[in-house]
1. Going by Cα centres, the range 130-156 and the range 50-83 are how many Å apart?
2. Pairs to check: Lys25/Lys58; Lys157/Lys227; Lys139/Lys210; Lys34/Lys157; Lys67/Lys137. Give those whose C-alpha atoms are more than 29 Å from each other in this structure.
3. Among Lys25, Lys227, Lys158, which one shows the biggest mean-square fluctuation in a GNM of the chain, springs joining Cα atoms closer than 10 Å?
4. By how many nm would the segment from Asp31 to Asp95 lengthen if fully extended, with 0.36 nm per residue of separation less the alpha-carbon distance?
5. Match the structure shown to one of the listed values (i) 24, 22, 18; (ii) 29, 24, 21; (iii) 28, 20, 17 of semi-axes √(5λ) of the Cα gyration tensor in Å, computed from it, and give that label.
6. For the chain, which whole-number percentage of the solvent-accessible area (1.4 Å probe, protein heavy atoms only) is attributable to carbon and sulfur atoms?
7. What residue among Ile170, Ile219, Ile186 shows peak mean-square fluctuation when the chain is described by a Gaussian network model with Cα springs under 10 Å?
8. Which shape class applies to the range 1-55: rounded if a/c is under 1.5, otherwise prolate when a/b exceeds b/c and oblate if not, where a ≥ b ≥ c are the square roots of the Cα gyration tensor eigenvalues?
Amino acid sequence: MVIIMSVFITGDIHGNYDIRKLNAKNFDADDLTKDDYLIICGDFGVVWDYRGQNDEEKYWLDWLENKPWTTLFVDGNHECFSRLNNEFPIEEWHDGNIHKIRDSIYHLMRGQVFDIEGHTFFTMGGAPSHDIEYRTKGKSWWPEEVPSQEERDAAIKKLEEYNWKVDYVITHDAPSRIADILLTMIHDYSRDTNEYTDWLQYIDDNLEFKRWFFGHYHIDKNFNNGKYNEMYYNIEWLL
């Protein structure tokens, strides 16, 4: 029996704030199964309360679990990292490591390459927040939002194993060259590119890939004929 699999991709959902773009009115999923995947480009945000799962979190995790597809996400900057990194079991899935949130909700860990039906996906979550002054460390902001040097070194080692060639890149932030354009487009002059977007630019300069997807900037825009894709509301059928 041949299983025909589909992969969709979208931007941040921020817990319950933007999750409704995945409802039946906006996303026709009648023909999908758990063998189909929806990838979220960071700021999943459903696992959020530092004290543990509350009723609202349970409701939305149940809501996603009851959808016909399997939900995959890279982490953004707005995640409860104290729980995300410690509460959920690490499992191997399609040649990479995941945190298993529910039976069909997986966090695609940093610096992994997943092989999905012969297509390779490099995943690298994280980004620096620009609103830290309005947040509380350990309650609504965590230093782990920016990948550590150890995580970056492991990511590069993984890419070396694949001879610096993958099909797709899934991140939350964008490489500096694209991030600079996006910040101008959204008229956000309060922040700038940074050492982490510069590191992503290093990846961009050295990696051979077909398309790169990211969130973080809250618009839908593609560059270079769809090679670089800023995702927010749109849900794109990738495969």
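1. Going from one Cα centre to the other spans 18 Å.
2. On the way: Lys25/Lys58 22 Å; Lys157/Lys227 24 Å; Lys139/Lys210 38 Å; Lys34/Lys157 31 Å; Lys67/Lys137 33 Å.
The pairs that break the limit, which is 29 Å between Cα atoms, are Lys139/Lys210; Lys34/Lys157; Lys67/Lys137.
3. Largest GNM mean-square fluctuation: Lys25.
4. Details: separation 64, 0.36 × 64 = 23.04 nm, distance 2.67 nm.
So the extension gain works out to 20.4 nm.
5. Correct label, based on the coordinates given: (i).
6. Values: 5230 of 11330 Å².
With neighbouring chains kept in place, the figure for the chain is 46 percent.
7. For the chain, modelled as a Gaussian network with Cα springs under 10 Å, the answer is Ile186.
8. Working: a/c = 2.35, a/b = 1.91, b/c = 1.23.
Verdict is prolate for the range 1-55.
The values are calculated or read from the model by the stated rules, or taken from the named source; none is laboratory data. As the structure is a computational prediction, the values presented were derived from the model and not from experiment. Quick reminder, even Gly has a Cβ in these numbers, built from the backbone with ideal geometry, and neighbours come from all protein chains shown. We work out accessible area using only protein heavy atoms, side chains counted, and drop any ligands, DNA or RNA first. Shrake-Rupley method; radii C 1.70, N 1.55, O 1.52, S 1.80 Å.
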